[in-house]
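Each remark here refers to the structure printed beneath this line.
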Amino acid sequence: MKIIACGSVPTIVASDSYFTGRVTQNPIVEAEAPARLRAASVSFEPGARTHWHTHPLGQTLFVVSGAGLVQSWGGPVREIRAGDTVWFSPGEKHWHGAGPETAMTHIAMQEALDGSPVDWLEPVSDAQYGG
């Protein structure tokens, strides 16, 4: 058993190499092999969002607070709210973030394949974000 005490892992300000706007991440778990689970609480200020990306084994988001937006490549921008769960299939190109006027926090859960849980791609343009 391993207990990670609240406050013992520092909050990370997300890199603008992968996010637009102010985003903070609070790691929850990065399981040791052979387990592959990675999870973090991710908070987006209004207008903030990820870049386009994929996950080799898929991703689950559970919205904890606020309201945000998600989109899969070629699909419509969709609204998500506290209590919603979103599943992205392995390799599905997508982005997620806060709404234009609302903050949003979600728990992001994904597994790593060969040590990598995500493949980052290009930024989401303002036109794409606006739907």
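Observations on the structure shown:
- Residue identified as farther than 18 Å from Pro123 by Cβ and of a type in the set (S, T, N, Q) among Thr50, Thr11, Thr54: Thr11
- Number of positions in region 12-37 that are assigned to a loop (DSSP other than H, G, I, E, B), of a type outside the set (Phe, Trp, Tyr) and open to solvent by 80 Å² or more (accessible area, probe 1.4 Å): 6
- The numbered conditions (1) in contact with an Asp or Glu (Cβ under 6 Å, 6 or more places away or on another chain); (2) closer than 20 Å to Val13 by Cα are all true for Gly99 except (1).
- Scanning region 54-70 for residues that are under 17 Å from Thr102 (Cα atoms), of a type in the set (Val, Ile, Thr) and open to solvent by less than 40 Å² (accessible area, probe 1.4 Å) turns up Val63, Val70.
- Matching strands (runs of 3 or more DSSP E) fully within region 73-131 where at least 2 residues are under 17 Å from His53 (Cβ atoms) and of a type in the set (Phe, Trp, Tyr): 85-88
- Residue tally, condition open to solvent by 70 Å² or more (accessible area, probe 1.4 Å) and hydrophobic (A, V, I, L, M, F, W, C), over region 84-112: 1
- Any hit, region 19-32, residues being at positive phi, within 14 Å of the chain's Cα centre (by Cα) and at pLDDT 95 or above: yes
- If the condition is being open to solvent by less than 20 Å² (accessible area, probe 1.4 Å) and in a strand (DSSP E or B), then region 41-53 contributes Val42, Phe44, Arg49, Thr50, His53.
- Meets criteria (touching a residue at least 12 places away in the same chain (Cβ under 8 Å), in contact with a strand residue (DSSP E or B) (Cβ under 6 Å, 6 or more places away or on another chain), of a type in the set (Ser, Thr, Tyr) and under 19 Å from Thr105 (Cβ atoms)) for Ser41: yes
- Selection status of Pro56, more than 19 Å from Met109 (Cβ to Cβ), in a loop (DSSP other than H, G, I, E, B) and more than 13 Å from the chain's Cα centre (by Cα): no
The values are calculated or read from the model by the stated rules, or taken from the named source; none is laboratory data. These numbers were taken from a predicted model, which means no experiment stands behind them. When we count neighbours, we look across all protein chains shown, and the Cβ atoms used for this are built from the backbone with ideal geometry, even at glycine. For the accessible areas, the whole protein counts, side chains as well, though only heavy atoms, and no ligand, DNA or RNA atoms are used. Shrake-Rupley method; radii C 1.70, N 1.55, O 1.52, S 1.80 Å.
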